[in-house]
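Notes for the one structure printed next.
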Amino acid sequence: MQQKKILLNDSEMPTQWYNVLPDIPNGVAPPLDPGTKQPMGPEKLAPIFPMGLLEQEMSDQSWIDIPEEVQEVLRIWRPSPVVRATALEAALGTKSKIYFKNEGVSPAGSHKTNSAVAQAYYNKREGVKRLSTETGAGQWGSALAFATHKFGLECKVYMVRVSFDQKPYRKSMMNTYGAEIVASPSPDTSFGRKILEDMSGTAGSLGIAISEAIEDAASRDDTKYALGSVLNHVILHQSIIGLEAKKQMEKAGDYPDILIGCCGGGSNFAGLMNPFLRDKLEGKDIRFIGVEPTSCPTLTKGLYAYDYGDVARQTPLLYMYTLGHDFIPPGIHAGGLRYHGMSPIVSALVREKLLEPVSVHQLECFEAGKLFAQTEGIIPAPETCHAIRTTIIEATRDLNKPQTILFNFSGHGLLDLSSYDKFYSGDLHNYDFPAEDIAEATKNLPKI
Ligand SMILES: Cc1ncc(COP(=O)(O)O)c(C=O)c1O
């Protein structure tokens, strides 16, 4: 009998995170102070992040202990399963083996909870009372709403307008966990009010919502800010995905030829991929493929440059692939992939040609998600559909050359069904971001 689910016991959950920073060839450039344009030390960021997370952000230690209190909450759903997608393989007629790491089993429905729990813990430990954050698809906001409640903190979520309208039940979920939520741009911050005045009717963007959440944190003594992707400490927390998956593949007696994940800010795929990086650097033949939408092609068409993480230019300058901080992507239905920048870690892996970026259209992604649901039973988040689409391409590329593929199932789509409805009714369209528009969007990059 073919083993379908490869499970770990609670006691096999990793007790340390893996920090990839010391292993990246030629390193990751430091963040710069937006004022002086000089490398920025942790003290400058202390007003918005707790020291525990800032130490992780700049750590040169390869392994960092996961605090007991964090492990206890993670054990609610971790270790998450690796599943062999046998029914999808059969439907494709491929001899390739397809495995997926199911991060959709978390309380909020995605990998985001892995970092939310850790971030809430370190803030609580340092006496913070309230966290502010942004959310695109609503997955991060739900994850932080759950995690802050677990550690007795208040939470305010700025949700990108287009997702707020598309996903009303995400709001109900955040309310259930006790968070306060508002559509961004909002009248609650001076930056939000300015955008509402200048660009009335805008769909919003993650860059705008981040500016609002940072302003919120900077203007109150009891509040700090939490970011759901991009930063090194978030990617550290997500390494638990790949650490578990490596053990599970070993249990299955297999090793992947290809790892695949979708890339918004880069955290879920880096979480799966990073623990395999040392093997690749030591000569193991393994490909890493990061997938983004053609409508927000940060890695495949963006510039590699220092840029702000938000529209109001309040964040440190990060060295990353970017479409420009004032880029507002079209309102596609994978809200979590609508970000102008990319994690500096993922960007450096692309620069070193260790990670291959590809882009796919949203319609073929929904088609892939539908096939996955009909075969494996789980309805994927629109973001996750990007990884599934690329998995299907790789598994059927050469039917005589079977591959072992492991992709990250970053989240379920049970609160994204309105997007599926739009797909079925023919209201969704593909969108290629035109080269002229990218040139326009990147012309305001800071001069370094
Ligand atoms: C289900 C899901 N997958 C992927 C992403 C993309 O983010 P990241 O690249 O940080 O994993 C998101 C972001 O909201 C998400 O909700």
Next item on the list: Pull the list of the chain cysteines that no other Cys approaches to under 4.7 Å, Cβ to Cβ.
Entry: 155, 262, 263, 296
Check: Within a Cβ distance under 14 Å of residue 19, other residues only, what is the Lys/Arg minus Asp/Glu net charge?
Finding: -4
Notebook entry, point to check: Which parts of segment 392-407 would a label at residue 254 reach, counting a residue when its backbone N lies under 11 Å from a point 7 Å out along Cα-to-Cβ?
Noted result: 403-407
Next item on the list: Grab the beta carbon distance between residue 61 and residue 26, set R0 = 30 Å, and tell me the FRET efficiency rounded to 0.05.
Entry: 0.95
Notebook entry, point to check: What residues qualify as long-range amide H neighbours of residue 223, i.e. H under 5 Å apart, gap of 5 or more or another chain, H built at 1.01 Å from N?
Noted result: none
Note to self: Cross-link candidates for residue 301: which lysines have Cα within less than 16 Å, leaving aside residues fewer than 8 places away along the same chain?
What the structure shows: 353, 443
Notebook entry, point to check: If contacts are Cα pairs under 8 angstrom and at least 6 residues apart, what is the relative contact order of segment 222-293 in percent?
Noted result: 37 percent
Margin query: Can you compute 3J(HN,Hα) from phi for each residue in segment 382-398, using the Karplus curve 6.51 cos²θ - 1.76 cosθ + 1.60 with θ = phi - 60°, rounded to whole Hz and x for Gly and Pro?
Written below: x, 4, 4, 4, 5, 5, 5, 4, 5, 4, 5, 4, 5, 6, 10, 4, 9
Check: Summing Lys, Arg as +1 and Asp, Glu as -1, what charge do residues with Cβ under 12 Å from the Cβ of residue 408 carry, residue 408 excluded?
Finding: -2
Margin query: Can you give me the C-alpha center-to-center distance between segment 229-266 and segment 139-201, rounded to a whole angstrom?
Written below: 28 Å
Note to self: Nearest 5 percent is fine: what portion of the DSSP beta bridges confined to the chain is antiparallel?
What the structure shows: 35 percent
Notebook entry, point to check: What's the FRET efficiency of residue 353 with residue 429 using the Cβ-Cβ distance as r and R₀ = 35 Å, to the nearest 0.05?
Noted result: 0.60
Check: Which whole-Hz ³J(HN,Hα) couplings does segment 37-48 yield from phi under the Karplus relation 6.51 cos²θ - 1.76 cosθ + 1.60, θ = phi - 60°, glycine and proline marked x?
Finding: 6, 9, x, 9, x, x, 4, 5, 8, 4, x, 10
Item checked: Segment residue 398-residue 43, length gained on full extension (0.36 nm per residue, minus Cα span) -> 122.5 nm
Checklist line | Extension reserve of the residue 417-residue 279 stretch, reckoned as 0.36 nm per residue once the Cα distance is removed | finding: 45.8 nm
Note to self: As an exercise, use a Förster radius of 25 Å and the Cβ-Cβ distance of residue 12 and residue 69 to find the FRET efficiency, rounded to the nearest 0.05.
What the structure shows: 0.80
Next item on the list: Give the long-range amide H neighbours of residue 309: residues separated by 5 or more places, or on another chain, with amide H under 5 Å away, using H modelled in the peptide plane at 1.01 Å from N.
Entry: 315, 318
Check: Taking the Cβ of residue 39 as the center, what net charge do the other residues with Cβ under 14 Å away carry, scoring Lys and Arg +1 and Asp and Glu -1?
Finding: -1
Check: What does the helix-only formula give at 222 nm for the chain: each DSSP H stretch with n ≥ 4 adding -39500 (n - 2.57), the total divided by the residues, and the result rounded to the nearest 500 deg cm²/dmol?
Finding: -12000 deg cm²/dmol
Checklist line | Mean Cβ count within 10 Å, highest first, over the residues of peptides 27-38, 175-186 | finding: 175-186, 27-38
Next item on the list: Give, as ranges by residue number, the residues of segment 191-218 whose backbone N falls under 15 Å from the point 7 Å along Cα→Cβ of residue 437.
Entry: 203-205
Item checked: Amide H contacts under 5 Å for residue 287, placed H, 5+ residues apart -> 258, 259
Check: Using a simple spin-label model with points 7 Å from Cα along the Cα→Cβ vector, what separation in nm is obtained for residue 51 and residue 165?
Finding: 4.6 nm
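We did not get these values from a lab; they are worked out from the coordinates using the rules stated. Since the structure is predicted, the reported quantities are computational estimates derived from the model, not experimental observations. Heads up, the Cβs are rebuilt from the backbone with ideal geometry, glycines too, and the neighbour counts pull from every protein chain shown.
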